[in-house]
Amino acid sequence: MRVEVDGRGVEVEPGATILDAATAAGSYVPTLCFDERMAPFGACRVCMVGMEGADAPVAACTTLCREDMRVTTDEATARRIAAATVELVLSELPEPPAPHTELARVADFLEIGEPRWQGERRRPSHDRRHPYLALQHELCISCGRCVRACDEIQGAFALTATGRGFGSGITAGLDSGFTNSTCVSCGACADTCPTDAITEGSLLELASAYTEEPGGGV
Ligand code: SF4
Ligand code: FES
């Protein structure tokens with residue numbers, strides 16, 4: 001079917017989303033909870049776009065294309081929603097996101113600097129019990145990508161989203177840590193995490209940790 005994105009016509013297959021069409025048309029739509037390796041989740045509301053005939057912006061990652069649909073990726077209200085959402089996320093973090101992270105790239109694209117809201121920030125809380133994976137709870141934005149990667153890519157079902165609002169986060173196993181969960185150390189969670197809340201430790205780090213603390217810390 002034919003759709004138009006930012007004035008450019010593209011052909012897409014039935015079942016394609018607006019995000020697929022935008023990508024085909026060469027238009028960038030910022031995303032946070034989306035990873036093309038997994039089913040769309042529609043949780044973050046960062047991928048909002050304008051759709052001709054719609055009363056309000058729609059989420060590009062979960063809205064299916066229709067014949068002759070017309071989409072504007074930089075529609076003003078859509079951009080305001082996306083920017084406010086990301087600004088709110090940033091306002092809870094203890095520090096700005098590391099420049100190489102997806103969150104930092106999205107914030108840059110939406111031109112968000114220091115968040116206007118200066119409320120309570122998450123406190124550092126780290127779990128280094130896993131031999132290869134490190135969890136920094138305070139950087140988690142509850143996008144759910146790690147949980148879905150664990151379930152959909154690896155089929156390990158080791159991670160669970162817990163808590164609500166400011167207290168939300170990720171836990172492995174029954175909060176017993178990665179090592180006592182069904183984790184198979186595939187690294188899919190770290191690979192998809194847009195904030196570095198889950199990272200893979202380098203072999204060098206592991207070696208020095210082992211040297212400093214033989215038999216412990218993992
Ligand atoms: S740990 Fe990373 S991937 Fe998992 S929910 Fe938090 S921010 Fe998203
Ligand atoms: S990327 Fe579409 S709702 Fe998160």
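Readers should treat all values here as calculations from the given coordinates under stated rules, not as data from a laboratory. Small disclaimer: the values here were computed from a predicted structure and weren't measured. Here the Cβ is made from the backbone with ideal geometry for all residues, glycine too, and neighbour counts use every protein chain on show.
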As a footprinting exposure proxy, order T192, T162 by other Cβ within 10 Å, with the fewest listed first. T162, T192
Hz values of 3J(HN,Hα) by residue in region 152-164 - Karplus curve (6.51, -1.76, 1.60), Gly and Pro given as x: 7, 8, 9, x, 8, 6, 8, 10, 9, 7, 10, x, 9
Divide by every residue of the chain the summed helix terms, -39500 (n - 2.57) for each DSSP H run of at least 4, and state the resulting mean residue ellipticity at 222 nm, rounded to the nearest 500 deg cm²/dmol. -6500 deg cm²/dmol
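Find me the longest stretch of the chain that has none of the exposed trypsin sites (Lys or Arg not before Pro), where exposed means in a DSSP loop (not H, G, I, E or B) with at most 11 other Cβ atoms within 10 Å. Don't jump to the answer; show the numbers that get you there.
Details: sites that count: R116, R164.
Counting only loop sites that pass the neighbour cut-off, the longest clear stretch is 1-115.
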Using the alpha-carbon centroid of each, what span in Å lies between region 7-26 and region 134-182? 32
Pull up all non-local amide H partners of A197: gap of 5 or more, or a different chain, and H-to-H distance under 5 Å with H placed in the peptide plane. none
